[in-house]
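The values are calculated or read from the model by the stated rules, or taken from the named source; none is laboratory data. Here the structure is a predicted model, which means the values were calculated and not measured. In this analysis, Cβ positions are derived from the backbone assuming ideal geometry, glycine residues included, and neighbour counts consider all displayed protein chains. The area values use the complete protein model at the heavy-atom level, side chains included, leaving out ligands, DNA and RNA. Shrake-Rupley method; radii C 1.70, N 1.55, O 1.52, S 1.80 Å.
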Amino acid sequence: MKRAGELLKKLNKAGFEAYYVGGCVRDMLMNRTPHDIDITTNALPEEIMDVFSDFHVTPTGIKHGTVTVMHSGIPYEITTYRIDGEYTDMRRPDSVRFTSSLEEDLIRRDFTMNAIAMNYEGGITDPFGGARDIENGIIRCAGEPEKRFTEDALRILRCVRFASKLGFDVEPMTAEAVHRLKGGLDFVARERVREELDGIICGEACVQAMLEFSDVIVQIIPEFQPCIGFQQHSPYHCYDVWEHTVRAVSGAPCTSPLLRRTMLFHDIGKPQCFSRDEKGVGHFKGHAKISAALAEDIMQRLRYDNSSIRDVSQLISAHNDRITSEKQIRRMLSRMGEELFFDLLDVKKADNSAKRDFVVKETEEFDEIARTARRILSENACMKLSQLAVNGNDMISLGFKGREIGQILNRLLELAVDGEIANEREVMLEFAESEMKNR
């Protein structure tokens, strides 16, 4: 903040107003460390560039009044006070008009807590009561909620994200507008939706936010609609599918987007495969496979990267698998890899955290499984093809061709993982040679 303060002082010295604005002010008022620091001023873009002529300056968004100033290797965005024009695409203003009024600039912002300006001495300008709302834990639109949300529909998701991240309540008129105008999210770029969704599910207060605004989640992921209120009729479960999902999300570390995404989608296929036995008990046979397929489709639609999609799908596919022996541990370590295997144990813990109390006690079993897996790994057990004592060239020398090479190597790996043969070159060559003769 010291370097940013030097920029404010430099603008003041040149005769201009200058303030910190937006999220960094909110964070400072909440005694949090600010990350992105935005600066606003009544200086026009050309005047900003003139004031900082001895700095590296880039007119990154000069059409909208934004200039980026590099100071000590850190970029700072400085934007002229402005009034936005119409938002015909529900994303960006068609035009902007510069203004000399700080209050006119603040009113165009989304929420009161983000519509506060602070000078370099810490004095604030707060025309909409944002500081009071922060103190009371309230999310409230700056101005009319309908206008704010129709200007940029992504603000609807931002509202839910802030509720999830900060644990704030959404003021009734703002909440009503969120529910009523959620259809505008259909016109928002999928990449922007994805980023906000990640923010929602990674919030420490995600349970309250996701339950209160489940209709907003359904708007962007319609596949969740059947999960809302779907009773599981299971002795293991005390929540419907949606509430179980939300609480399982909360049960995963909030610092791990991978695990939280996995928990979000892990049971999404349950309504499709629900059945009840003669005693009325609910069952969801095959739901892991269906949930994994749905997760892949949804994540592709939301433009997640292929690696994330693959890992989430693999974790969901295995989340319901029982691990009852060391052989299974070895096989799963081999199939999934070390990192994803331990992620799977965390997935199982998160899943159980959202079930009845007696199920939660299984967590001790997962800890024992983790200890066994670490022991196996410490013994440098053969878990992947690259660890085999033989390779493809060895198989070629024995007469294997084409696909046969991969098939025999994978067979050798299976046997080594299961401990049925030693991972020793002579032993493996002898086995492979025998397979060649008997084929």
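Mind checking whether some residue in the stretch 328-337 is in a helix (DSSP H, G or I), closer than 30 Å to S434 by Cα, more than 28 Å from the chain's Cα centre (by Cα) and not charged (D, E, K, R)?
Filtering the stretch 328-337 down to residues in a helix (DSSP H, G or I) leaves 328-336.
Subset that is closer than 30 Å to S434 by Cα: 328-336.
Within this subset, residues satisfying the condition of being more than 28 Å from the chain's Cα centre (by Cα) are 328-331.
So of that shortlist, the ones also not charged (D, E, K, R) come out as 328-329.
Looking for residues that are in a helix (DSSP H, G or I), closer than 30 Å to S434 by Cα, more than 28 Å from the chain's Cα centre (by Cα) and not charged (D, E, K, R), one finds at least one in the stretch 328-337, hence yes.
Condition first: in contact with a helix residue (DSSP H, G or I) (Cβ under 7 Å, 6 or more places away or on another chain) and not polar (S, T, N, Q). Now tell me which residues in the stretch 279-297 satisfy that. Spell out how you get there, then give the answer.
Narrowing the stretch 279-297 to residues in contact with a helix residue (DSSP H, G or I) (Cβ under 7 Å, 6 or more places away or on another chain): 284-292, 294-296.
Selection gives F284, K285, G286, H287, A288, K289, I290, A292, L294, A295, E296.
Conditions (1) part of a loop (DSSP other than H, G, I, E, B); (2) modelled with pLDDT under 95; (3) of a type in the set (D, E, K, R), marked per residue:
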{"residue": "D27", "(1), (2), (3)": "no, no, yes"}
{"residue": "H35", "(1), (2), (3)": "yes, yes, no"}
{"residue": "A43", "(1), (2), (3)": "yes, no, no"}
{"residue": "D50", "(1), (2), (3)": "no, no, yes"}
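Among the residues of the stretch 63-72 satisfying the criterion of being open to solvent by 30 Å² or more (accessible area, probe 1.4 Å) and within 19 Å of Y20 (Cα to Cα), which is modelled with the highest pLDDT? Don't jump to the end; show me each part of the working.
So the first thing to find is which residues in the stretch 63-72 are open to solvent by 30 Å² or more (accessible area, probe 1.4 Å), and the list is 63-64, 70, 72.
Filter again for within 19 Å of Y20 (Cα to Cα), leaving 64, 70, 72.
Values: H64: 83, M70: 95, S72: 91.
Selected residue: M70.
Rundown of residues vs (1) among the aromatic types (F, W, Y); (2) modelled with pLDDT under 95; (3) within 17 Å of the chain's Cα centre (by Cα); (4) assigned to a helix (DSSP H, G or I), yes/no style:
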site: V249; (1), (2), (3), (4): no, no, yes, yes
site: P253; (1), (2), (3), (4): no, no, yes, no
site: D267; (1), (2), (3), (4): no, no, no, no
site: Q272; (1), (2), (3), (4): no, no, no, yes
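Of (1) in a loop (DSSP other than H, G, I, E, B); (2) open to solvent by less than 10 Å² (accessible area, probe 1.4 Å); (3) of a type outside the set (G, A, S), I217 satisfies all except one. Which?
The number of the failed condition is (1).
Results for (1) free of Cβ contacts under 8 Å to residues at least 12 places away in the same chain; (2) among the hydrophobic types (A, V, I, L, M, F, W, C); (3) out of contact with any Phe, Trp or Tyr (no Cβ under 9 Å at 6 or more places or on another chain), shown as yes or no for each residue.
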site: A205; (1), (2), (3): no, yes, no
site: Q208; (1), (2), (3): no, no, yes
site: I220; (1), (2), (3): no, yes, yes
site: E278; (1), (2), (3): yes, no, yes
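I need the full set of residues from the stretch 309-327 which are open to solvent by 20 Å² or more (accessible area, probe 1.4 Å) and either in a helix (DSSP H, G or I) or over 28 Å from D418 (Cα atoms) (or both), in order please.
Applying the first criterion (open to solvent by 20 Å² or more (accessible area, probe 1.4 Å)) to the stretch 309-327 yields 310-311, 314, 317, 320-327.
Hits for the stretch 309-327 are R310, D311, Q314, S317, E326, K327.
Please pick out the residue among T99, T68, T60 that is within 27 Å of C141 (Cα to Cα) and of a type outside the set (D, E, K, R).
Numbers: T68 fails: within 27 Å of C141 (Cα to Cα); T60 fails: within 27 Å of C141 (Cα to Cα).
Unique residue meeting the criteria: T99.
Go through the stretch 252-275 and count every residue that is among the small types (G, A, S), farther than 18 Å from S214 by Cα and surrounded by 15 or more Cβ atoms within 10 Å (Cβ to Cβ).
Taking the stretch 252-275 first, the residues among the small types (G, A, S) are 252, 256, 269, 275.
The next check asks that each one be farther than 18 Å from S214 by Cα; those that pass are 252, 256, 275.
Adding the requirement that they be surrounded by 15 or more Cβ atoms within 10 Å (Cβ to Cβ) leaves 252, 256.
Total meeting the criteria: 2.
Kindly indicate which of E368, E404 is closer than 22 Å to E430 by Cβ, surrounded by fewer than 18 Cβ atoms within 10 Å (Cβ to Cβ) and of a type in the set (D, E, K, R). Break it down into steps so the answer makes sense when it comes.
Details: E368 fails: closer than 22 Å to E430 by Cβ.
Matching residue, one of E368, E404: E404.
Condition first: open to solvent by 50 Å² or more (accessible area, probe 1.4 Å), free of Cβ contacts under 8 Å to residues at least 40 places away in the same chain and closer than 16 Å to M113 by Cβ. Now tell me which residues in the stretch 146-199 satisfy that.
D169, M173
So N380 fits all but one of (1) loosely packed, with under 13 Cβ neighbours inside 10 Å; (2) part of a helix (DSSP H, G or I); what number is the exception?
(2)
In the stretch 338-365, what residues are assigned to a helix (DSSP H, G or I), modelled with pLDDT under 95, open to solvent by less than 60 Å² (accessible area, probe 1.4 Å) and over 21 Å from I268 (Cβ atoms)?
Those that are assigned to a helix (DSSP H, G or I), modelled with pLDDT under 95, open to solvent by less than 60 Å² (accessible area, probe 1.4 Å) and over 21 Å from I268 (Cβ atoms): V360, T363.
Name, by its number, the condition in (1) in contact with a Cys (Cβ under 9 Å, 6 or more places away or on another chain); (2) open to solvent by 40 Å² or more (accessible area, probe 1.4 Å); (3) of a type in the set (F, W, Y) that does not hold for F111.
Every listed condition holds for F111 apart from (2).
Answer with yes or no whether E278 is surrounded by fewer than 18 Cβ atoms within 10 Å (Cβ to Cβ) and closer than 30 Å to R411 by Cβ. Working first, answer last.
Numbers: surrounded by fewer than 18 Cβ atoms within 10 Å (Cβ to Cβ): yes; closer than 30 Å to R411 by Cβ: no.
The answer is no for E278.
Restricting attention to the stretch 128-138, does a residue exist that is at pLDDT 95 or above, open to solvent by 50 Å² or more (accessible area, probe 1.4 Å), under 22 Å from M1 (Cβ atoms) and of a type outside the set (G, A, S)?
Within the stretch 128-138, one or more residues are at pLDDT 95 or above, open to solvent by 50 Å² or more (accessible area, probe 1.4 Å), under 22 Å from M1 (Cβ atoms) and of a type outside the set (G, A, S).
Consider E195 against the criteria (1) closer than 24 Å to R301 by Cβ; (2) in a loop (DSSP other than H, G, I, E, B): it satisfies all of them except one. Which criterion is unmet?
Unmet condition: (2).
Tell me, which strands (runs of 3 or more DSSP E) lie completely within the stretch 68-165 with 2 or more residues that are touching a Ser or Thr at 6+ places or on another chain (Cβ under 8 Å)? If you could, list the steps in order and put the result at the bottom.
Working: elements: 74-80, 82-84, 96-98.
Fully inside the stretch 68-165 and qualifying: 74-80, 82-84.
Pull up the stretch 166-192, narrow it to residues that are of a type in the set (D, E) and part of a helix (DSSP H, G or I), then point me to the one that is farthest from V216 (Cα to Cα). Give the steps one after another, and end with the answer.
To start, the set of residues in the stretch 166-192 that are of a type in the set (D, E) comprises 169, 171, 176, 186, 191.
Okay, now just the ones that are also part of a helix (DSSP H, G or I), so 176, 186, 191.
Numbers: E176: 12, D186: 11, E191: 16 Å.
Out of the qualifying residues, it is E191.
Among the numbered criteria (1) over 30 Å from C238 (Cβ atoms); (2) assigned to a helix (DSSP H, G or I); (3) at pLDDT 95 or above, which one does V390 miss?
Result: V390 passes all but (2).
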